[in-house]
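Each remark here refers to the structure printed beneath this line.
The values are calculated or read from the model by the stated rules, or taken from the named source; none is laboratory data. Keep in mind that what you see is a predicted model, and the values were worked out from it rather than measured. For neighbour counting, all protein chains shown are included, and Cβ atoms are generated from backbone atoms with ideal geometry for every residue, glycine included. Surface accessibility is based on the protein's heavy atoms, side chains included, excluding ligands, DNA and RNA. Shrake-Rupley method; radii C 1.70, N 1.55, O 1.52, S 1.80 Å.
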Amino acid sequence: MDADKDNANPTIINPSDLPSRPPAYPSLADPFSSAEASSASSESDDEERREEIDEQEVYDLISTISDPEHPLSLGSLGVAKLDDISIQRPTSPRSRISTVTVLLTPTTSACSLTTVIGLGVKVRLLQALPPRFRVDVRIKEGTSNTADEVNKQLGDKERVAAAMENRNLINVVNTMLATCE
Amino acid sequence: MLRQDCSNLLSAEFPAAIHNYRRPQKIDKKFVGESVLATGSFDASAGIWRRWEEGGGKGKPAAEIDFTGGLAGGDAEAEEEEDEEWRFAVILDGHDSEIKSLAFSPTSPLLGTCSRDKSVWIWEELEDDNFETVAVLQDHEGDVKCVAWHPGEELLASASYDDNVRLWREDVDDWACCALLTGHKGTVWWVEFEGADRIGMLGTSDEVSEEQKAVLELREKAGPRLLSCSDDHTIRVWRRIPKERREMPTGQGSLPSIWKNNNFEEQWIEEARLPQVHERPVYALNWSKKTGRVASTGSDGKIVVYEERWKSGATDKKEPNGDVTMEDGTPTTVAVTEPIPTSAKDGSGTLTEWVAVAEVENAHDVFEVNHVCWATRADKGKRFDDEEVLISTGDDGEVKVWTFDT
């Protein structure tokens, strides 16, 4: 059965070696701050917090996606890597649009499921991130011989929308995303 | 400056086609005594819809139908009419996957459609509701995103996922590709021809120099130009090389043309690029038939308006292109040769410049903007005859109207 897979023996990363956010500082409410002050600043705090979506958070959103071939996560297979996620903040003070760029590393350069994995990551981020984020999912250069083709498909909103009308693809993607919280 | 005009939203919600489970992706209108609407659907079919117009005999253009139920100050009689419904007429089946764009020819009873199935179809309306497939054009190597007709000729342009623009014409009895426009580095999302009434004309052209006059004449001869916008963030202007200018002395470097019909093939060059304001794919543009201004929009949520102007100081230029004066004073007859242009170094593009004159960011909140077009302003707030507003649609599901101030 494993013979049907493009990569029957992928390298698996030990879960304890996967990147995660260091434990936050004790976040118990400051006993000296008054309740009024905190409520007055809460709105701007919210605004600030919304901007605080960082690479680690994007990583957390996609690393738990299951590989369509193996019962393993994209994080443990090294398909999604923290270092290959970048966020470009708005380019002008007036613009509110940020761009998330995710570079994926397929387990083998001939992985036929590369497009599906990319689609799963794209759909996950489109669903999970606020609409002010543009999501660019690409295959890391030199890791797949179909990278250009896959990149173009994943970059075309009409193609992605059409793919998500295809029942087979929807089922595969839903299975992949089922392991996300 | 662009300002959103909130008071008069002309929201033209056309009936969702009964055979669809999807909102039509692109609509196009023409007026022939009755209004005809063509819709291209996600289910690979095109629909033809008809509606008799109140006072259609007066030639009231379809674009001026009052969709606001009189709020915009249109005549109140219209809303009493019960026959105002769009009547479904016929389905055009043939494409294999979703139709991306369609367009009625302004000069003949032809309809062009294009699809994700990589093909462009041309349909001819023989009589009412009887459409015949005239051509299935399959030269594109990717989804065909947009089709547009030349305003005065039976010439169709198509834009594709294969990064190219193709032009199609009828050659004797068969439709075929007569020009391939390459250069874009990404999907071409939109193509559109210049209006026929003001080819190459610039906003203010009261007094033109001889040189500028030559440019205008060249443009007149070449005919309406073509605009394309792409995933590569650029917007490009293309111009045809008029036929007789291509005649070369026999045997001098001209390629053997046994298998090519020279009268059929056309040569188009990239004449200019609009200032690159967009930071993400440019999805749509519209070239005003009235003012020559261009509006564009795309993934970055911006709407940008551009104007073409004479370069200042261009009139002082000492060396006109392609004109040589010999030292002995003998007038040479170098008949304004266009040196097989690979780029637009032939006057038409170099004497003028495109300038971005207005820009709106976050036009539809943080969402992508998919479409923008100029429309004649018809509401009470109209400030002058022929004033145009911009209408945009975004991924937020809204239709917005913008006024433009110079």
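In this structure, residue A:104 qualifies as within 17 Å of the chain's Cα centre (by Cα) and crowded, with 17+ Cβ neighbours inside 10 Å.
Return the total of residues in the range A:125-144 being among the aliphatic types (A, V, I, L, M) and farther than 16 Å from residue A:57 by Cα. So the count comes out to 1. The set of residues in the range B:147-182 that are of a type in the set (Ser, Thr, Tyr) and either free of Cβ contacts under 8 Å to residues at least 12 places away in the same chain or more than 14 Å from chain A (Cβ to nearest Cβ) (or both) comprises B:158, B:182. A count restricted to the range A:53-62 and to residues that are part of a loop (DSSP other than H, G, I, E, B) and either free of Cβ contacts under 8 Å to residues at least 40 places away in the same chain or open to solvent by 50 Å² or more (accessible area, probe 1.4 Å) (or both) stands at 1.
Residues of the range A:63-89 being small (Gly, Ala, Ser) and either within 14 Å of chain B (Cβ to nearest Cβ) or part of a strand (DSSP E or B) (or both), which ones?
Across the range A:63-89, the qualifying residues are A:66, A:73, A:80, A:86.
In the set B:257, B:299, only one residue is over 23 Å from residue B:224 (Cα atoms) and either modelled with pLDDT under 95 or open to solvent by 10 Å² or more (accessible area, probe 1.4 Å) (or both); that residue is B:257. Within the range B:279-296, if we keep just the residues that are in contact with an Asp or Glu (Cβ under 9 Å, 6 or more places away or on another chain) and surrounded by 24 or more Cβ atoms within 10 Å (Cβ to Cβ), the residue that is nearest to the other protein chains (Cβ to nearest Cβ) turns out to be B:283. Where residues in the range B:327-375 are within 26 Å of the chain's Cα centre (by Cα), open to solvent by 60 Å² or more (accessible area, probe 1.4 Å) and farther than 30 Å from residue A:131 by Cβ, which of them is modelled with the lowest pLDDT? Per the criteria, the residue is B:340.
With (1) closer than 22 Å to residue B:162 by Cβ; (2) within 12 Å of chain B (Cβ to nearest Cβ); (3) surrounded by 18 or more Cβ atoms within 10 Å (Cβ to Cβ) as the list, and residue A:149 as the residue in question, which single condition is left unmet? Against the list (1) closer than 22 Å to residue B:162 by Cβ; (2) within 12 Å of chain B (Cβ to nearest Cβ); (3) surrounded by 18 or more Cβ atoms within 10 Å (Cβ to Cβ), residue A:149 comes up short only on (3). Among the residues of the range B:226-233, are any part of a strand (DSSP E or B), open to solvent by 10 Å² or more (accessible area, probe 1.4 Å), under 20 Å from residue B:151 (Cβ atoms) and in contact with a Lys or Arg (Cβ under 9 Å, 6 or more places away or on another chain)? Among the residues of the range B:226-233, not one is part of a strand (DSSP E or B), open to solvent by 10 Å² or more (accessible area, probe 1.4 Å), under 20 Å from residue B:151 (Cβ atoms) and in contact with a Lys or Arg (Cβ under 9 Å, 6 or more places away or on another chain), which makes the answer no. Residue A:133 meets each of the listed conditions (1) of a type outside the set (Val, Ile, Thr); (2) touching a residue at least 40 places away in the same chain (Cβ under 8 Å); (3) away from chain B (no Cβ under 14 Å) apart from (3). Here is the figure for the range B:151-174: residues that are in a strand (DSSP E or B) and open to solvent by less than 30 Å² (accessible area, probe 1.4 Å) total 8.
Among the residues making up the range B:123-141, those that are more than 22 Å from the chain's Cα centre (by Cα) and either of a type in the set (Lys, Arg) or surrounded by 15 or more Cβ atoms within 10 Å (Cβ to Cβ) (or both) are B:125, B:131, B:134. Residue A:121 falls short on exactly one of the conditions (1) open to solvent by less than 70 Å² (accessible area, probe 1.4 Å); (2) within 14 Å of chain B (Cβ to nearest Cβ); (3) at pLDDT 95 or above, and that condition is (2). Pick from the range A:152-162 the residues that are in a helix (DSSP H, G or I) and within 11 Å of chain B (Cβ to nearest Cβ): which of them is surrounded by the fewest Cβ atoms within 10 Å (Cβ to Cβ)? Result: A:161.
For the residues A:98, A:144, A:109, A:92, the requirement of being in contact with a Lys or Arg (Cβ under 6 Å, 6 or more places away or on another chain) and either surrounded by 15 or more Cβ atoms within 10 Å (Cβ to Cβ) or within 14 Å of chain B (Cβ to nearest Cβ) (or both) singles out A:98. Filtered by the rule that a residue be open to solvent by less than 20 Å² (accessible area, probe 1.4 Å) and in contact (Cβ under 8 Å) with a residue 60 or more places away in the chain, the range B:105-122 gives B:111, B:113, B:115. For the range B:175-219, a residue qualifies if it is at positive phi and open to solvent by 20 Å² or more (accessible area, probe 1.4 Å), and exactly one does: B:183. Quick check, is residue B:197 modelled with pLDDT of 95 or more, in contact with a Pro (Cβ under 9 Å, 6 or more places away or on another chain) and not hydrophobic (A, V, I, L, M, F, W, C)? Spelling it out, it is not the case that residue B:197 is modelled with pLDDT of 95 or more, in contact with a Pro (Cβ under 9 Å, 6 or more places away or on another chain) and not hydrophobic (A, V, I, L, M, F, W, C).
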